[in-house]
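What follows is a short report on a single structure.
The values are calculated or read from the model by the stated rules, or taken from the named source; none is laboratory data. Computed from a predicted model, the values in this text were never measured in an experiment. Note that we place each Cβ from the backbone using ideal geometry, even for glycine, and neighbour counts take in every protein chain shown. These accessible areas exclude ligands, DNA and RNA; they are computed on the full protein's heavy atoms, side chains included. Shrake-Rupley method; radii C 1.70, N 1.55, O 1.52, S 1.80 Å.
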Amino acid sequence: MAELSVFIDESGNSRRDSKYYLLTLVFHKQDEDIKSSIGTYEISLIDRRLVNIPFHINPLLRGNDVYASVSVRDRVRLLSCFRAFANKLPFKYHTFSYEKRLYKTDSELFGKIRRDLVLFLFDNLDAMQPYETVKIYYDNGQEEVTRVIHSAFEYALGRQGIVYRNCPPTRYRLQQVADYACGIELANLKYERATSGATEALFFGTWREFKKNFLKKLRQHAV
């Protein structure tokens, strides 16, 4: 049975305390094995004496949550290791990006996200229809996102063959790849709009270095 996995992550929230809202979808064909790549990545962490913890880009950049006791130097190295791992994986992704100030209400914003997601799915219908099952992984972190995901996918693909999985980011490496892609696309927005700061400079370097070392390589996987 041909299966397609879709791992979903977001950056931002429905409150007004974040400038941007991003939604990232990572697509992976189940018949493309990634176990060896995961094994190589985890060995690289051991070789570099780095902690093997689930990747989460926002806490990594800020040094909080599980990264609170990890030095800046090691957080930079963890980011480098995960970047190398993600770049070699067989996946495709797409990120929807929004400036929240352009939307008067959350309802308006999420209505726009739903329309964009439906259009994207219809544009890529030929690539998705051969799969008997489409498994959608999301942690149900935001109710609005959960509703948008269900509504858009079922409208475009129909309910039959869609399976939903409540997926905490700690469980699947590809969910962490969705988090990574979302974080890189957010950093790009900040560089483009000259709102990047010391954190981006420390972990990504100049905009030119960021584009060369992070964005360009990630976007080789873009849909």
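Counting only helices (runs of 4 or more DSSP H) wholly contained in the range 21-131, the ones carrying 2 or more residues that are over 26 Å from A2 (Cβ atoms) occupy 35-47, 57-62, 72-88, 106-123. Within this structure, L186 passes the test of being over 24 Å from L4 (Cβ atoms), crowded, with 21+ Cβ neighbours inside 10 Å and of a type in the set (A, V, I, L, M, F, W, C).
Scan the range 95-111 and give yes if some residue there is in contact (Cβ under 8 Å) with a residue 12 or more places away in the chain, within 30 Å of P130 (Cα to Cα) and more than 16 Å from the chain's Cα centre (by Cα), otherwise no.
Taking the range 95-111 first, the residues in contact (Cβ under 8 Å) with a residue 12 or more places away in the chain are 95-101, 106, 109-110.
Subsequent filtering for residues that are within 30 Å of P130 (Cα to Cα) retains 95-97, 110.
Still in the running and more than 16 Å from the chain's Cα centre (by Cα): 110.
Yes, the conditions are met somewhere in the range 95-111.
Counting only residues that are within 21 Å of F120 (Cα to Cα) and either outside any helix (DSSP H, G or I) or acidic (D, E) (or both), the range 151-175 holds 8 of them.
Restricting V66, V72, V6 to residues that are farther than 21 Å from Y98 by Cβ and either modelled with pLDDT of 95 or more or not hydrophobic (A, V, I, L, M, F, W, C) (or both) narrows the list to V72.
In the set (1) at pLDDT 95 or above; (2) at negative phi, Y103 fails one condition alone, (1).
Can you find a residue that is out of contact with any helix residue (DSSP H, G or I) (no Cβ under 9 Å at 6 or more places or on another chain) and open to solvent by 80 Å² or more (accessible area, probe 1.4 Å) anywhere in the range 47-54? Can you show your working first?
Residues of the range 47-54 out of contact with any helix residue (DSSP H, G or I) (no Cβ under 9 Å at 6 or more places or on another chain): 47.
Restricting the remaining residues to those that are open to solvent by 80 Å² or more (accessible area, probe 1.4 Å) gives 47.
Scanning the range 47-54 turns up at least one residue that is out of contact with any helix residue (DSSP H, G or I) (no Cβ under 9 Å at 6 or more places or on another chain) and open to solvent by 80 Å² or more (accessible area, probe 1.4 Å).
Restricting attention to the range 176-210, the residues being outside any helix (DSSP H, G or I) and touching a residue at least 12 places away in the same chain (Cβ under 8 Å) number 1. Among (1) among the charged types (D, E, K, R); (2) open to solvent by 50 Å² or more (accessible area, probe 1.4 Å); (3) assigned to a helix (DSSP H, G or I); (4) farther than 22 Å from L125 by Cβ, which single condition is R147 missing? Checking R147 against (1) among the charged types (D, E, K, R); (2) open to solvent by 50 Å² or more (accessible area, probe 1.4 Å); (3) assigned to a helix (DSSP H, G or I); (4) farther than 22 Å from L125 by Cβ, the one that fails is (4). Candidates are the residues of the range 193-206 that are modelled with pLDDT of 95 or more and open to solvent by 80 Å² or more (accessible area, probe 1.4 Å); the one that is farthest from A222 (Cα to Cα) is A198.
In summary, A152 fulfils each of the numbered conditions (1) in contact with a Lys or Arg (Cβ under 7 Å, 6 or more places away or on another chain); (2) open to solvent by 30 Å² or more (accessible area, probe 1.4 Å) with the single exception of condition (2).
For the range 112-130, indicate whether the set of residues that are in contact with a strand residue (DSSP E or B) (Cβ under 9 Å, 6 or more places away or on another chain), open to solvent by 50 Å² or more (accessible area, probe 1.4 Å) and either in contact (Cβ under 8 Å) with a residue 40 or more places away in the chain or closer than 21 Å to L89 by Cα (or both) is non-empty.
yes
Within 25 Å of G158 (Cβ to Cβ), part of a helix (DSSP H, G or I) and among the basic types (K, R): is that true of K135 in this structure? Considered against the rule, which asks whether it is within 25 Å of G158 (Cβ to Cβ), part of a helix (DSSP H, G or I) and among the basic types (K, R), K135 comes out as no.
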